[in-house]
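The structure appears right after this line, and notes come after that.
The values are calculated or read from the model by the stated rules, or taken from the named source; none is laboratory data. Values in this document were obtained by computation on a predicted structure and should not be read as measured data. Positions of Cβ are backbone-derived with ideal geometry, glycine not excepted, and every protein chain shown enters the neighbour counts. These area figures cover heavy atoms from the full protein model, side chains too; ligands, DNA and RNA do not enter into them. Shrake-Rupley method; radii C 1.70, N 1.55, O 1.52, S 1.80 Å.
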Amino acid sequence: MTLSELLACAQVADGRAAMTIGEDWLQGRSLFGGIQATVGWRAMRTLVPLTMPLRTLQMTFIEPVPNGTVHATAHVLRTGKNTLHVEARLEVSGKLLASMIGVFGMPRESRVRVEISAPPERAFDMPFGFLPGLTPSFMQQFDVSLVDGAPPFANAQATHAAYQITLRDSGPLTEAHLLVFADFVPPVALSWMAKPTPGSSLTWMFELLREDFTAYPLAGWRADAQLVAARDGYTSQSTTLSAPDGTTIVLSRQSMVVFD
C-alpha cells in the first residue's frame, strides 16, 4: 500500500492511531523509520489542530518494529502560547518499540531570516532502485537516482551522498510524506564497506523549515546527506531535503550505528 492509502485506512481516536503496514515497508527486520514516525505523527495529529504546523520531531528507535498492526499513543506534554509539545509512543502487543516528541508551532513575526542555498547540480545520474533480495523492501515505494557521492558498499570512503527521490504515491503531500522522504537516505558510512553490512538509526531529529509545501509534487525531491563524524562504530549524519525547485524544506540529523 502507498503512504496515502495507509493514512486513509488508519484507525484513529483521541491520542491514538493504529496502522496495518505490510512487508513492502520493511527495512530488514524492522519497518522503515519514516513509516514508524508516520504512525506516531498520526496519533499526535489527533490532538493538534491542522492550523498548527509541525516544526520538529525527535525520535528514538528502541527495538525493531515488525510489519503488521502498529499502535501509537500520544499525549500533550505542554501547551504554550505559540507551541504545543506532544509525546507519542509506538507499541506492538503492549511493548514499547519507539518514542518520539513532536513540537507544533504557529508562525511568529521575526526579523531573523536565513535561507539555505539550493543544492548544486547533479554530478551524475545513477539509478538506485529496488532489487528484490538485495535492497530493503521499502525501496519499492520510491524511484531514486544517486546524483552525487557514493552508494552503499562501494568500498569508497565517501562523506557525502545525494539522491533524487520520487515517492510512488498519488498524494496529496502532507507532513507524513516529508517524514518518509527525509528518512530515505541510507547511512553514508555504508559506502566505506566493500560488501553488504548492516546499519541502523539510533536517534533522529527532523526539522520542518516551511509550512507552505503542500503544492509541491511528490516527484523530483533531493536529499543531500553529509557524514559529519564517525568513531567507535557510531556515526553522525546530517541531511537537507529540498523540493523540486531547490527550496530546502527539511533539515535532518541522525545518530547511526554500522556493524562492520
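Before moving on, here are some points about what is shown:
- Positions within region 31-56 being among the hydroxyl-bearing types (Ser, Thr, Tyr) and touching a residue at least 60 places away in the same chain (Cβ under 8 Å), in sequence order: 38, 56
Listed here are the residues, each with its yes/no results for (1) modelled with pLDDT under 95; (2) in contact with a helix residue (DSSP H, G or I) (Cβ under 7 Å, 6 or more places away or on another chain); (3) open to solvent by less than 50 Å² (accessible area, probe 1.4 Å); (4) under 26 Å from residue 209 (Cβ atoms).
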| position | (1), (2), (3), (4) |
| --- | --- |
| 4 | no, no, yes, yes |
| 7 | no, yes, yes, yes |
| 32 | no, yes, yes, yes |
| 65 | no, yes, yes, no |
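- Exactly one residue out of 243, 219, 189 is within 25 Å of residue 30 (Cα to Cα) and at pLDDT 95 or above: that is 189.
- Each residue in region 217-232 was checked for being touching a strand residue (DSSP E or B) at 6+ places or on another chain (Cβ under 8 Å) and either open to solvent by 30 Å² or more (accessible area, probe 1.4 Å) or among the hydrophobic types (A, V, I, L, M, F, W, C) (or both), and 10 of them qualify.
- If the condition is being over 20 Å from the mean Cα position of the chain (by Cα), surrounded by 11 or more Cβ atoms within 10 Å (Cβ to Cβ) and not in a loop (DSSP other than H, G, I, E, B), then region 108-138 contributes only 126.
- Residues that are open to solvent by 30 Å² or more (accessible area, probe 1.4 Å), within 22 Å of residue 208 (Cα to Cα) and either without any contact (Cβ under 8 Å) to a residue 40 or more places away in the chain or not aliphatic (A, V, I, L, M) (or both) occur in region 146-162; there is at least one.
- Sole exception among (1) more than 14 Å from residue 116 (Cβ to Cβ); (2) buried (at least 17 other Cβ atoms within 10 Å of the Cβ) for residue 251, by number: (1)
- Filter result (closer than 17 Å to residue 159 by Cα and free of Cβ contacts under 8 Å to residues at least 40 places away in the same chain) within region 229-260: 229, 231, 232, 233, 234, 236, 238
- Test: residue in region 171-190 that is surrounded by fewer than 16 Cβ atoms within 10 Å (Cβ to Cβ) and on the phi > 0 side of the Ramachandran plot: yes
- When 20, 56, 46 are screened for being loosely packed, with under 14 Cβ neighbours inside 10 Å, in contact with a strand residue (DSSP E or B) (Cβ under 6 Å, 6 or more places away or on another chain) and polar (S, T, N, Q), only 20 passes.
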